[in-house]
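Colleague: Quick one: the structure is below, and I'll ask about it shortly.
FYI, it's all coordinate maths here, none of it is from the lab. The shown structure was predicted, so the numbers you read here are calculated from the model rather than taken from an experiment. Cβ coordinates were reconstructed from backbone atoms using ideal geometry, including for glycine residues, and neighbour counts include every protein chain displayed.
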Amino acid sequence: MKITVIGTGYVGLVTGACLAEMGNHVVCLDQDATRIAALQAGYIPIYEPGLAEIVTRNANGGRLAFTTDVVHAVAHGTIQMIAVGTPSGEDGSADLQHVLAAARSVAQHMTQYTLIVTKSTVPVGTADKVRKAVDATLAARSLHIPYALAANPEFLKEGSAVQDFMRPDRVIVGTDDTQAADCLRALYAPFMRNRDRLIAMDIRSAEFTKYAANAMLATRISFMNELALLAETLGVDIEQVRTGIGTDPRIGTHFLYAGTGYGGSCFPKDVNALLRTAEEAGHPLRVLKEVQTVNELQKGVLVDKVVQRFGTDLGGKRFAVWGLAFKPGTDDMREAPSLTIIDRLLRMGAEVCAYDPVAMERARQALGARPGLSYATSAPEALEGATAVIIVTEWKEFRSPDFAQIARTLHEPIVFDGRNLFDPGDMHALGLEYHSIGRATPTLP
């Protein structure tokens, strides 16, 4: 099939590359000329395991191309997938200007039947707005060209997005057009040879499904974080509790880890947008509002532990911060808990030396140049001259560190672990003072 993907951000680039991997001919369109030039030169602007290889292979094979030429891009694809950003507006609602602009561009240049697919995360009712934009543009051209609309939300996890796309657990297709549904079923059939995982529904339900999924996952995270703080107060080990409840098939094991709160490009934005949609509809989501509140508070829990240990004046203290990206497997710094943690430490007079395996460049952009903030090129280097180490992101290289080196290098052998990577008893036996989330802290002799 010939497909055009509008937008070469995280979703657009992964979508275009993976569709090309299955033999489709894909053109990725973006108005950012610098970004397109970089992609044409083989530079991948985001970190995602496996993505660079797929992009390179399919670009070299002639199945994947990048352009800023709208006319060429619209002429290329019978399927036009809109995968542009929908950032939060000032009121928390999803900003649809880029989605509607993309729809107008398609309508302005299409000359034959076209299936317009919304891949971006959009609130319920967006398809109606897209249809109005397309109809108005075609009317201005005095043309009647047949087209269909569909919603096809993505369910990609950063750090495993390629695998998620190539082996989907479900594909949601929302449309009231039989031809459009059949077309998308044929498009995704190669990804589901063992079992059909495509779920067809009406377009408004498809739009809502994406928000509902992310809201549910965010709720699990915040609920576990609240339980973790209570567990700590009661002398309960939240890790043992997690194991106990996770084996219940009605609950499952995913998204039950206590930590420093969620971040990234999806959960914060989508929770905001769904809350705004609910308010506009006159049905406020009280539970979800508290989920958001709990998450913001959770980002400061590690700093609260630092304050409990050292006091509010952190002048003269230096902290090594391991992990800056909002999760492992990505360089995404959007809404990362590390930003809140580092900002609070610096405001209280501390020095911070930060390290992340892949997110250093984006971290520098997000944090900027600030007095007291420096960056290391390795985890051990970040420890040099530090009073204590704070683990924020659970990268694999942090899971089995040289504990003797940590104890030897730090001015005080103290570990603040925001991801519960280690056993408190083992850390105590190693002579390390260990502060984690939702578990009792053994007292050193």
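Colleague: Let's test the formula: R0 of 56 Å, r as the Cβ-Cβ distance of Thr377 and Met216. What FRET efficiency results, to the nearest 0.05?
Modeller: Using R0 = 56 Å, I get an efficiency of 0.90.
Colleague: Given 5 Å bins starting at zero, what is the percent of C-alpha pairs of the stretch 250-375 in each, up to the one with the largest pair distance?
Modeller: Cα pair-distance distribution for the stretch 250-375, in percent: 2, 10, 18, 19, 18, 14, 10, 6, 3, 1, 0.
Colleague: Using 14 Å as the cut-off for backbone N distance, which residues of the stretch 169-190 belong to the label zone defined by a point 7 Å from the Cα of Tyr113 along Cα→Cβ?
Modeller: From the stretch 169-190, the list is 177-184.
Colleague: I want to check the label-to-label distance for Asp177 and Arg131. Put each point 7 Å from Cα in the C-beta direction and report it in nm to one decimal.
Modeller: With each label point 7 Å from Cα toward Cβ, the separation is 1.1 nm.
Colleague: Okay, moving on. Near the amide H of Ala94, under 5 Å away, which other amide H atoms are found, from residues 5 or more places off or on another chain, if H is placed in the peptide plane?
Modeller: Here the answer is Gly89, since their amide H atoms fall under 5 Å of that of Ala94.
Colleague: At what distance in angstrom do the alpha carbon centres of the stretch 1-80 and the stretch 153-194 lie from each other?
Modeller: After rounding, the separation between the Cα centres reads 17 Å.
Colleague: Can you give me the Cα centroid spacing of the stretch 305-329 and the stretch 112-149 in angstrom?
Modeller: 49 Å
Colleague: Turning to a different aspect of this structure: Within the chain, which DSSP H helices have Cα atoms that stretch 24 Å or more along the helix axis and a mean Kyte-Doolittle hydropathy of at least 0.0?
Modeller: What comes out of the filter, once short or polar helices are dropped, is 203-234.
Colleague: Here's a follow-up. Taking only C-alpha pairs under 8 Å that are 6+ residues apart, what is the relative contact order of the stretch 294-445 in percent?
Modeller: Result for the stretch 294-445 is 22 percent.
Colleague: Given points 7 Å out from each Cα along the Cα-Cβ axis, report the Arg370 to Arg197 separation in nanometres with one decimal.
Modeller: Between Arg370 and Arg197, the label points sit 3.9 nm apart.
Colleague: How long are the semi-axes of the ellipsoid equivalent to the stretch 192-295, from square roots of 5 times the Cα gyration tensor eigenvalues, in whole Å, largest first?
Modeller: 28, 21, 11
Colleague: Report the extension gain between Thr312 and Thr78 in nm, rounded to one decimal, defined as 0.36 nm multiplied by the number of residues separating them, less their alpha carbon distance.
Modeller: Stretched out fully, the Thr312 to Thr78 stretch lengthens by 78.2 nm.
Colleague: When the chain is fully extended, how far beyond the present Cα-Cα distance does Gln405 get from Glu279, taking 0.36 nm per residue of separation?
Modeller: Extending this stretch completely gives an extra 40.1 nm.
Colleague: Find the relative contact order for the stretch 1-88 and round it to a whole percent, using C-alpha pairs within less than 8 Å whose residues are 6+ positions apart.
Modeller: 46 percent
Colleague: Given an 8 Å cut-off on Cα distances and at least 6 residues of separation, report the relative contact order of the chain as a percent.
Modeller: It comes to 12 percent, rounded to a whole number.
Colleague: Need one word for the stretch 379-445: rounded, prolate or oblate. Basis is the Cα gyration tensor (sqrt eigenvalues a ≥ b ≥ c); a/c below 1.5 gives rounded, then a/b vs b/c decides.
Modeller: oblate
Colleague: How large is Rg/Rh for the stretch 1-123, to two decimals, with Cα atoms and a Kirkwood Rh?
Modeller: Result: Rg/Rh = 0.96.
Colleague: To the nearest 0.05, what FRET efficiency results for Leu230 and His428 with a Förster distance of 25 Å applied to their C-beta separation?
Modeller: Working from the Cβ atoms, E equals 0.65.
Colleague: Then there is this: Check which residues have an amide H placed less than 5 Å from Ile172's amide H, if you skip close sequence neighbours.
Modeller: Ile199
Colleague: Across every pair of different alpha-carbon atoms, what Kirkwood hydrodynamic radius in Å does the chain reach?
Modeller: One over the average 1/r among Cα pairs gives 23.6 Å for the chain.
Colleague: For the pair Ala139 and Thr243, how long in nm is the line joining their label points, each one 7 Å along Cα→Cβ?
Modeller: Placing both labels 7 Å along Cα→Cβ, they lie 6.5 nm apart.
Colleague: Roughly speaking, what is the centre-to-centre gap between the stretch 373-391 and the stretch 241-265 when only Cα atoms are used, to the nearest Å?
Modeller: After rounding, the separation between the Cα centres reads 29 Å.
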